[in-house]
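Scroll down for the structure; my scribbles are underneath it.
Rule-based calculations on the coordinates, nothing more; no lab input. Quick caveat, the model's predicted, so the values are computed rather than measured. When we count neighbours, we look across all protein chains shown, and the Cβ atoms used for this are built from the backbone with ideal geometry, even at glycine.
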Ligand SMILES: [Zn+2]
């Protein structure tokens, strides 16, 4: 498991903020994501930091897997938010994004991959907290 990013390092989610002022407090449980987009960003950062516990905690109970094994061979590099539907007063939202990935350094040449996962994800807010519900994904 990769260590959590340093608080003063640039947050993996791409806001330009440092981790300690962006997704860090969400991962630590000190703050809840105020919007579906913020939750999406924090989940990307959790993938980047191999934080499966956070991913499960923010997964809606209706679709949450019993356990989650992250692909250790993949490095999540960059997130692009393409579209957000649903504002701060809605309890449902959709976020379309593109997540750029590549193999971790040290991967044998013949196994190296790089690509983009595009997904249209659904989110619900319950009890003041946003949850990831499901997504339609394809990798290219
Ligand atoms: Zn962030």
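I'd like to check something: does segment 42-56 contain any residue that is more than 11 Å from the ligand (Cβ to nearest atom), assigned to a loop (DSSP other than H, G, I, E, B), under 26 Å from residue 134 (Cβ atoms) and within 15 Å of the chain's Cα centre (by Cα)? Steps first, answer last, please.
Going through segment 42-56, the residues more than 11 Å from the ligand (Cβ to nearest atom) turn out to be 47, 50-56.
Still in the running and assigned to a loop (DSSP other than H, G, I, E, B): 50-51.
From the residues that got through so far, the ones that are under 26 Å from residue 134 (Cβ atoms) too are 50-51.
The next check asks that each one be within 15 Å of the chain's Cα centre (by Cα); those that pass are 50-51.
Yes, segment 42-56 contains at least one residue that is more than 11 Å from the ligand (Cβ to nearest atom), assigned to a loop (DSSP other than H, G, I, E, B), under 26 Å from residue 134 (Cβ atoms) and within 15 Å of the chain's Cα centre (by Cα).
Residues in segment 95-118 that are surrounded by fewer than 11 Cβ atoms within 10 Å (Cβ to Cβ) and over 24 Å from residue 14 (Cα atoms): 106, 108, 109, 110, 111.
Residues that are in a loop (DSSP other than H, G, I, E, B) and touching a helix residue (DSSP H, G or I) at 6+ places or on another chain (Cβ under 9 Å) within segment 7-27 comprise 7, 8, 9, 11, 12, 13, 14, 15, 22, 23, listed in sequence order. Per the listing 69, 32, 80, the residue uniquely part of a loop (DSSP other than H, G, I, E, B), more than 10 Å from the ligand (Cβ to nearest atom), within 16 Å of the chain's Cα centre (by Cα) and in contact (Cβ under 8 Å) with a residue 24 or more places away in the chain is 32.
As a summary of the residue check, residue 19 satisfies the conditions (1) free of Cβ contacts under 8 Å to residues at least 40 places away in the same chain; (2) buried (at least 20 other Cβ atoms within 10 Å of the Cβ); (3) more than 10 Å from the ligand (Cβ to nearest atom) except for the one numbered (3).
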